[in-house]
Amino acid sequence: MERDCIFCQIIAGRQPADKVYETETVLAFRDIRPLAPTHILVVPKKHIPRVADLSAEDAPLMGDLLLAVRAVAEQEGVAHAFRLFVTNGAEAGQTVFHLHIHLLGGRPFRSLLG
């Protein structure tokens, strides 16, 4: 855990969050600035700053993360259509340096491919 990381503080219960799902390795909570009717952040409890910081030993954890995404999408009623995004680094728009997946749903999305 990183002392100054807001997501680590949420995981530790030192900062409030609207938690929607939790396992031994993953926590999911509502984004405070939602971009869609359903906007959930799914984070590993282990502090990993960016995707680029993953190691081979994190493979099972990443599986847990994606299974949590599926469970949250089902729980939130958006399993039929949702968008995921992950940023890696400030130039890509990452503002909290704790790996997280944005789960967006509840409205139509345009294709990113044009």
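Flag: Glu57 matches the condition of being without any contact (Cβ under 8 Å) to a residue 12 or more places away in the chain and among the charged types (D, E, K, R).
Residues that are surrounded by fewer than 17 Cβ atoms within 10 Å (Cβ to Cβ) and of a type in the set (Val, Ile, Thr) within the stretch 26-50 comprise just one, Ile32. Annotation: Leu104 fulfils all but one of (1) assigned to a loop (DSSP other than H, G, I, E, B); (2) farther than 21 Å from Gln9 by Cα; (3) in contact with a Ser or Thr (Cβ under 7 Å, 6 or more places away or on another chain); the unmet one is (1).
Pairing residues of the stretch 24-46 that are assigned to a loop (DSSP other than H, G, I, E, B) and modelled with pLDDT of 95 or more with residues that are surrounded by fewer than 21 Cβ atoms within 10 Å (Cβ to Cβ) and among the small types (Gly, Ala, Ser), at Cβ distances under 8 Å and at least 6 apart in sequence or on separate chains, gives Ala36/Gly106; Pro37/Gly106.
The set of residues in the stretch 52-76 being in contact with a strand residue (DSSP E or B) (Cβ under 8 Å, 6 or more places away or on another chain), surrounded by fewer than 19 Cβ atoms within 10 Å (Cβ to Cβ) and among the small types (Gly, Ala, Ser) consists of Ala71 alone. Does Gln94 satisfy being surrounded by 13 or more Cβ atoms within 10 Å (Cβ to Cβ), in contact with a strand residue (DSSP E or B) (Cβ under 7 Å, 6 or more places away or on another chain), at pLDDT 95 or above and of a type in the set (S, T, N, Q)? For Gln94, the condition - surrounded by 13 or more Cβ atoms within 10 Å (Cβ to Cβ), in contact with a strand residue (DSSP E or B) (Cβ under 7 Å, 6 or more places away or on another chain), at pLDDT 95 or above and of a type in the set (S, T, N, Q) - is not met.
Residues of the stretch 76-94 that are under 12 Å from the mean Cα position of the chain (by Cα), closer than 15 Å to Ala28 by Cβ and assigned to a loop (DSSP other than H, G, I, E, B): Val86 alone.
The values are calculated or read from the model by the stated rules, or taken from the named source; none is laboratory data. The structure displayed is predicted, hence computed values, not measured ones. We place every Cβ from the backbone using ideal geometry, glycine too, and count neighbours over all the protein chains shown.
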